[in-house]
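To keep things clear, I will list the structure first and then write my remarks on it.
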Amino acid sequence: MSRSVRFIIALLVGLALLTGMALYAVRSTTRTWFEKDLRLRAELAVNGARASLLERIARDDREGLTQLLGEVSRDERIMGAAVCDARLNLVASTHGYPESLGCERLGLQLQLDASQAAKPQEAASALRAQLEGGEVQANVLPLVEAERTVGFVSLVHDLSWMERREMTTQAFLLVAFAILACACPGAGGAISSAGCCAVGAKTPPLESSSPSSGMCASSWSVSIRRRTRRAKGARGQPTGSRARSRAT
């Protein structure tokens, strides 16, 4: 195996490892960004309607809660919203809210996350689930009034758009890897030829059928011819002492 082939193989392996690390880093980073963005969107939506939600829960106005949840979930990324009371019973929900994300399941997750938080009453929770239409995330935010938790709100976000962005990013990285991999053979041949020709003036090339060895042989022969011409010119030209003796 020639030196250029070993260099190309090592370069391809290094590029493959670098691409894999970049895919993992980009995926984990983008997921963290998306989760933070969904949490901030959910908190902003619920905080804007918190007073109205508490008022309707106190009056047991289920119809008013349903209308208010419809206004809160107008975002195209929100699949549905629901309000549960402190006893983990469903109070109101929008049309199309996933039945698998019931109040008991979300309430237990919220209690688990709240037990590990510094402020349990203000702790929010997030739960991912796989539905028939794809992966979703439920952001659960408690409703607190006078330091008493009266219930919580669940906003279910569709994560299909996040998966599409991840696939686009992965495709871009794979295309970049393919372009670099196609450029590796040319780069390896050029580096090998440059290294061989750099020492060609001192060391004769080995016999090989590769293009780089032919280039090195040509460079070496040119270097030899130049040395021969310089030696002949030096022999034909008289030195200074000989020239003065002939002149006298």
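With each label point set 7 Å from Cα along the Cα-Cβ vector, what nm distance links residue 31 and residue 52?
For the pair residue 31/residue 52, the computed spacing is 3.5 nm.
How long is the gain from residue 112 to residue 87 if the chain were fully straight, where each residue apart is worth 0.36 nm and the alpha carbon distance is subtracted?
Contour length minus Cα-Cα distance gives 7.5 nm.
How many nm is it between the label spots at residue 62 and residue 176, if each spot is 7 Å from the Cα in line with the beta carbon?
For the pair residue 62/residue 176, the computed spacing is 5.4 nm.
Can you give me the distance in nm between label points at residue 147 and residue 168, each placed 7 Å from the Cα along the Cα-to-Cβ direction?
Each label point is offset 7 Å from its Cα along the Cβ direction, giving 4.9 nm.
Within the set of other residues whose C-beta is less than 14 Å from the C-beta of residue 72, count the net charge using Lys and Arg as +1 and Asp and Glu as -1.
+1
Computed from the coordinates by the stated procedures, all read-outs in this text should not be read as laboratory data. Values in this document were obtained by computation on a predicted structure and should not be read as measured data. No Cβ is skipped: glycine too gets one built from the backbone with ideal geometry, and neighbour counts run over all protein chains shown.
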